[in-house]
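A.B. asks: Provided herewith is a single structure, encoded as structure tokens, for subsequent inquiry.
The values are calculated or read from the model by the stated rules, or taken from the named source; none is laboratory data. The structure displayed is predicted, hence computed values, not measured ones. When we count neighbours, we look across all protein chains shown, and the Cβ atoms used for this are built from the backbone with ideal geometry, even at glycine.
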């Protein structure tokens, strides 16, 4: 088990709180290394990696390593992963391109935090195959990437949130390729095309504007920085942010969610708005349980937690946000300052 300093946000969460949250994620891990949404729930490749990143920050590197090894073993011959698995049984055979790209983010994060070059080298072929699969679906006229594929072909549609996350993962992949001595300028060029689509061609993506993720993800993923990022956040702040509770998942429902709130924290941290980021991080702690786990969300009109589940990926977003705010581990800038420009 890796020894590490743990994030501590004064007056909000202690280092011990963060360790308990990491332990709550580890408690859900299955024997083969998969990390489902909650005990008995399904595993998807993206949230699985988000949880592995949080385990790494929480000092549980052996557990995180098992999660990454699961990803390597579960990868299919074309470089993809099935969208949904439960207890080792595939429930949805389709591939989500955003899910398949995210391993690059996780492996770069693990390398930054642990310095374990040998493990990164071991994982590199898996990362490389995943990214090549994803870029095989960069079929849009403006460089956008189709969001899913199955035996019949691609979905033919692109999602703003998914492509923003892929943009971030491609940056991690390009950086990782350089560190592995296997530079991929073709990936960098593909990322540039995708970035232009995200910044200048909103018509290339399905309209999902009622979801808060479509609001902040171009900032979180790094496609927008500077004044453009600040303007985007300001435009819909009052629509999504609920004082003292967090942010809405969707604009037209009285439902705040912890993971989205913490992702916005990461986005705000990435553009230097530390005060607002810390305020939101503090506000969402009403979702915390004494064992360190977090409820997914709260319907604030009736005070009910919904859905009635404590999700590993919500806990993971909390840990990653705490690390970013406190600059604790060497991976704290994974959403801020480690990507190629």
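A.B. asks: Which of the residues that make up the stretch 47-62 are surrounded by fewer than 23 Cβ atoms within 10 Å (Cβ to Cβ) and either without any contact (Cβ under 8 Å) to a residue 60 or more places away in the chain or in contact with a strand residue (DSSP E or B) (Cβ under 9 Å, 6 or more places away or on another chain) (or both)?
C.D. replies: 59, the sole residue that qualifies.
A.B. asks: Enumerate the pairs (first residue in the stretch 222-245 and over 15 Å from residue 279 (Cβ atoms); second residue anywhere and modelled with pLDDT under 95 and surrounded by 16 or more Cβ atoms within 10 Å (Cβ to Cβ)) with beta-carbon separation below 9 Å, excluding pairs fewer than 6 apart on the same chain, so at least 6 apart or on different chains.
C.D. replies: Cβ pairs passing all conditions: 222/339.
A.B. asks: Here's another thing I want to ask about it. Just for the stretch 12-27: of the residues that are free of Cβ contacts under 8 Å to residues at least 40 places away in the same chain and assigned to a loop (DSSP other than H, G, I, E, B), which one is nearest to residue 127 (Cα to Cα)?
C.D. replies: Looking at the filtered set, the residue picked out is 27.
A.B. asks: For the stretch 284-317, what are the residues that are touching a strand residue (DSSP E or B) at 6+ places or on another chain (Cβ under 6 Å), under 25 Å from residue 55 (Cβ atoms) and not in a loop (DSSP other than H, G, I, E, B)?
C.D. replies: 284, 287, 288, 294, 295, 297, 305, 310, 314, 315
A.B. asks: Say whether the condition of being within 29 Å of residue 33 (Cα to Cα) and either touching a strand residue (DSSP E or B) at 6+ places or on another chain (Cβ under 8 Å) or part of a helix (DSSP H, G or I) (or both) is met by at least one residue in the stretch 268-276.
C.D. replies: The initial filter retains those residues of the stretch 268-276 that are within 29 Å of residue 33 (Cα to Cα), namely none.
No.
A.B. asks: Name every residue in the stretch 254-287 that is touching a residue at least 60 places away in the same chain (Cβ under 8 Å), surrounded by fewer than 21 Cβ atoms within 10 Å (Cβ to Cβ) and either over 24 Å from residue 164 (Cα atoms) or within 18 Å of the chain's Cα centre (by Cα) (or both), in order of residue number. Lay out the reasoning, then the answer.
C.D. replies: Let us first name the residues in the stretch 254-287 that are touching a residue at least 60 places away in the same chain (Cβ under 8 Å), namely 258, 265-267, 269-270, 278, 281-282, 285.
Keeping just the survivors that are surrounded by fewer than 21 Cβ atoms within 10 Å (Cβ to Cβ) gives 278, 282, 285.
Selection gives 282, 285.
A.B. asks: Of all residues being buried (at least 23 other Cβ atoms within 10 Å of the Cβ) and touching a strand residue (DSSP E or B) at 6+ places or on another chain (Cβ under 6 Å) in the stretch 86-117, which is farthest from residue 331 (Cα to Cα)? Just the residue, please.
C.D. replies: For the stretch 86-117, the residue satisfying everything is 95.
A.B. asks: What do you reckon, is residue 120 surrounded by fewer than 24 Cβ atoms within 10 Å (Cβ to Cβ), in contact with a strand residue (DSSP E or B) (Cβ under 7 Å, 6 or more places away or on another chain), touching a residue at least 60 places away in the same chain (Cβ under 8 Å) and not in a loop (DSSP other than H, G, I, E, B)? Talk me through it step by step, then tell me what you get.
C.D. replies: Values: surrounded by fewer than 24 Cβ atoms within 10 Å (Cβ to Cβ): yes; in contact with a strand residue (DSSP E or B) (Cβ under 7 Å, 6 or more places away or on another chain): no; touching a residue at least 60 places away in the same chain (Cβ under 8 Å): yes; not in a loop (DSSP other than H, G, I, E, B): yes.
Here the answer is no, as residue 120 does not meet what is asked.
A.B. asks: Within the stretch 10-18, can one find any residue that is buried (at least 18 other Cβ atoms within 10 Å of the Cβ) and under 30 Å from residue 89 (Cβ atoms)?
C.D. replies: No, the stretch 10-18 contains no residue that is buried (at least 18 other Cβ atoms within 10 Å of the Cβ) and under 30 Å from residue 89 (Cβ atoms).
A.B. asks: Please specify each residue of the stretch 170-208 satisfying the condition of being over 29 Å from residue 111 (Cα atoms) and not in a helix (DSSP H, G or I).
C.D. replies: Across the stretch 170-208, the qualifying residues are 201, 205, 206, 207, 208.
A.B. asks: Anything in the stretch 215-232 that is surrounded by 22 or more Cβ atoms within 10 Å (Cβ to Cβ) and assigned to a helix (DSSP H, G or I)? List them, or say none. Explain how you work it out, then say what you get.
C.D. replies: Narrowing the stretch 215-232 to residues surrounded by 22 or more Cβ atoms within 10 Å (Cβ to Cβ): 215-224, 229.
Listed by number, the residues that qualify are 215, 216, 217, 218, 219, 220, 229.
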